[in-house]
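**Student:** Before we start, here is the structure in question, set down as structure tokens.
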Amino acid sequence: MILGNGIDIIEIERIQKAIDRWGNHFLHHVFLDEEIAYAQENKFPVQHYAARFAAKEAIFKAFGNKPDIRWKDIKILNDANGKPYGVINDKHFKDKIYLSISHTHAYAVAHAIITQ
């Protein structure tokens, strides 16, 4: 059963400007250490930061009115095949979060579906 559905698109330049302006403070406010390490492993890390930012926004939208979730309560990971998925840092959250993420040179987009 689908509990929520959300989508987000972001300009990669917007994330680059945030990193340029606030540096590690921005990164550590929005992303967990594992997410930062993943992005830094790639040739163009800002695209991966933007994709994960969009994924978190899509998850926020899929939840609707759940104001107690913050940026670092959501972790975006990849399975062994590279497929992204979301994890909520809440032991009571038993549902699944399915993600689709993509990016180009200029944009990142993510779609999230929360199911029971």
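**Student:** Can you give me the number of residues within region 17-31 that are farther than 18 Å from K75 by Cα and touching a Phe, Trp or Tyr at 6+ places or on another chain (Cβ under 7 Å)?
**Tutor:** Here is the first cut: in region 17-31, the residues farther than 18 Å from K75 by Cα are 17-23.
Keeping just the survivors that are touching a Phe, Trp or Tyr at 6+ places or on another chain (Cβ under 7 Å) gives 18-19.
Going through region 17-31 one residue at a time, the tally reaches 2.
**Student:** Search region 62-78 for residues that are closer than 19 Å to L3 by Cβ and in a strand (DSSP E or B) and pair each with any residue that is among the hydroxyl-bearing types (S, T, Y) and at pLDDT 90 or above when their beta-carbon atoms are under 8 Å apart and the residues are at least 6 apart or on different chains.
**Tutor:** Close Cβ pairs (under 8 Å, with a partner that is among the hydroxyl-bearing types (S, T, Y) and at pLDDT 90 or above) amount to I76/Y85.
**Student:** I would also like to ask the following. Name the one entry in N24, N5, N81 that is surrounded by fewer than 12 Cβ atoms within 10 Å (Cβ to Cβ), within 15 Å of S100 (Cα to Cα), at pLDDT 95 or above and out of contact with any Ser or Thr (no Cβ under 6 Å at 6 or more places or on another chain). Write out each step before concluding.
**Tutor:** Numbers: N24 fails: within 15 Å of S100 (Cα to Cα); N5 fails: surrounded by fewer than 12 Cβ atoms within 10 Å (Cβ to Cβ).
Only one candidate qualifies: N81.
**Student:** With Y49, Y107, Y98 as the choices, which residue is within 10 Å of the chain's Cα centre (by Cα) and of a type in the set (F, W, Y)?
**Tutor:** Among Y49, Y107, Y98, only Y49 is within 10 Å of the chain's Cα centre (by Cα) and of a type in the set (F, W, Y).
**Student:** Moving on to the next point. So in region 84-116, with the set limited to residues that are over 26 Å from H25 (Cβ atoms) and charged (D, E, K, R), which one is surrounded by the fewest Cβ atoms within 10 Å (Cβ to Cβ)?
**Tutor:** K91
**Student:** I would also like to ask the following. Could you look through region 1-57, keep only residues that are among the charged types (D, E, K, R), in contact (Cβ under 8 Å) with a residue 12 or more places away in the chain and part of a helix (DSSP H, G or I), and pick out the one that is farthest from H105 (Cα to Cα)? So that I can check it myself, show each step before the final result.
**Tutor:** From region 1-57, those among the charged types (D, E, K, R) are 8, 11, 13-14, 17, 20-21, 33-35, 41, 43, 52, 56-57; that's our starting set.
From what's left, in contact (Cβ under 8 Å) with a residue 12 or more places away in the chain: 8, 11, 13-14, 34-35, 52, 56-57.
Subsequent filtering for residues that are part of a helix (DSSP H, G or I) retains 13-14, 34-35, 52, 56-57.
Details: E13: 9, R14: 12, E34: 23, E35: 20, R52: 15, K56: 20, E57: 20 Å.
My answer is E34.
The values are calculated or read from the model by the stated rules, or taken from the named source; none is laboratory data. Note that the structure is a prediction, hence the values are computed from the model and not measured. A quick note on method: Cβ atoms are made from the backbone with ideal geometry, for glycine too, and the neighbour counts reach across all protein chains shown.
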